[in-house]
Protein chains: 2
Amino acid sequence: MRADAQRNYDRIVEVAREVFREQGYDASLDEIAKRAGVGPGTLYRHFPKRENLLDAIMQSWVDRVTAASEKALAYEGADRELLLRWFEEYVALISLHKGGPAKITSALGDPSSPILTKCQVLTSANDRVIERLREDGVLRDGVDTVQVCRLVGGIATVADQGDLDAAAVRPLLEVVADGLLR
Amino acid sequence: MRADAQRNYDRIVEVAREVFREQGYDASLDEIAKRAGVGPGTLYRHFPKRENLLDAIMQSWVDRVTAASEKALAYEGADRELLLRWFEEYVALISLHKGGPAKITSALGDPSSPILTKCQVLTSANDRVIERLREDGVLRDGVDTVQVCRLVGGIATVADQGDLDAAAVRPLLEVVADGLLR
DNA sequence: CTACGATACGGAGACCGTCTCCGTTTAGCA
DNA sequence: TGCTAAACGGAGACGGTCTCCGTATCGTAG
């Protein structure tokens, strides 16, 4: 990549991260281009679809995901509480931007999603937590890790769309946790 | 209302029902106007916001909701199965159109939503089912009816966005049911 | 150091959906 | 039949997405 192209690429990602945080996932891309000091053409050449831009932004996010799952696994305490802590981390991780829970949760089942690779980091983090509980024998039979992602993703989605705070989300997560544990 | 106005109103609602079913909630309103043989001005005078049109469409829907809750309450069988049957009805009712689950579930917590009154029919139907189970003493303590709506609405939302079929939704509903029952 | 070709830029503008304004038409009453 | 309030509808402003293509720049080969 040419040096000027790299500069613009980096600058667009940086600005986009900021704008998406301010305005959510459907912020105007032309506005991002303008703020980054490039023409719309440049933005669309680097990122043909909105989601390609999202994908680039998420580079730093994957680190947070693995850190969060390790933190959850390191917890020394009751299984239910471990699970709930992980769920809260999970919700927080996918709720960083408005519209995030819906975008990410629906990408889980879409093999052609441009952010698929990033989401797989999340699902495999979730797998690690669930498998650990399964080995401890505290899970009900037939619990599938992708089902867990859907359940928690669903809660995060309604919380995002209804502007619920963590206190309102917690009891919902508890219901799911109780439904999963023996 | 003048006779011609009434004619146009009815025709728009009829066409909108059809178009929303075909294309989902974000179909073009101008297209609906065109198909209904009226100008966009006419459509927007009758229905200033997209949701006002939704509200009109839902008139027949409220009947289905109450019928569904009565059907669920009439079920003679295990509590868990009763709850699951209601959940499946609930999901079906809010998933009639693409984007429906998200729209309806987020309207539950938004006092200014134009479709609020219609959604209240749904929440009170849900209340009846949950209260019946509470009287039977099979619910865990602290279960709140609006939480139930959010949980099931969340599942319906991810199912809608991920194109899941009833067979994939059922186990998710089971987890929630098990988390709610003693 | 220069010249050249490949690469990248960026803005004009096409396209589409939303929504409004206002001149024109029409219903329905007296 | 004539009048007026009510309703109509389409032109067009606006904002967002995305493309095309003439122009500018990079980086290298000579």
| field | Selection status of A:Asp136, among the acidic types (Asp, Glu) and within 12 Å of chain B (Cβ to nearest Cβ) | value | no
| Filter result for B:Tyr25 (in contact (Cβ under 8 Å) with a residue 24 or more places away in the chain and closer than 20 Å to B:Leu173 by Cα) | no
| field | Members of region A:19-78 that are within 16 Å of DNA strand C (Cβ to nearest atom) and among the β-branched types (Val, Ile, Thr) | value | A:Ile32, A:Val38, A:Thr42
| query | Within region B:109-132, which residues are within 23 Å of B:Gly179 (Cβ to Cβ) and either aromatic (Phe, Trp, Tyr) or surrounded by 20 or more Cβ atoms within 10 Å (Cβ to Cβ) (or both)? | reply | B:Leu122, B:Ala125, B:Asn126, B:Val129, B:Ile130
| request: Only residues in region A:97-111 that are assigned to a helix (DSSP H, G or I) count as the first member; pair them with residues that are of a type in the set (Asp, Glu) and surrounded by fewer than 20 Cβ atoms within 10 Å (Cβ to Cβ), Cβ under 9 angstrom, at least 6 apart or cross-chain, and list the lot. | output: A:Lys103/A:Glu51; A:Ser106/B:Asp163; A:Ala107/A:Glu51
| message | If I ask for residues that are in a helix (DSSP H, G or I) and either crowded, with 16+ Cβ neighbours inside 10 Å or outside the structural domain of A:Ile94 (by TED's automatic domain parsing) (or both), which ones from region A:156-167 would you list? | response | A:Ala156, A:Thr157, A:Val158, A:Ala159, A:Asp160, A:Gln161, A:Gly162
| remark: The correct count of residues that are within 7 Å of chain A (Cβ to nearest Cβ) and at pLDDT below 95 in region B:143-182 is 2
| Of all residues in region B:8-56 being closer than 20 Å to B:Ile115 by Cα, modelled with pLDDT of 95 or more and of a type in the set (Ser, Thr, Tyr), the one that is surrounded by the most Cβ atoms within 10 Å (Cβ to Cβ) | B:Tyr9
| request: Of the numbered conditions (1) buried (at least 17 other Cβ atoms within 10 Å of the Cβ); (2) touching a residue at least 60 places away in the same chain (Cβ under 8 Å), B:Arg80 fails exactly one; give the number of that condition. | output: (1)
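The values are calculated or read from the model by the stated rules, or taken from the named source; none is laboratory data. This one's a predicted model, so the numbers in the text were calculated from it and none came from an experiment. Cβ sites come from the backbone with ideal geometry, for glycine too, and all protein chains shown count toward neighbours.
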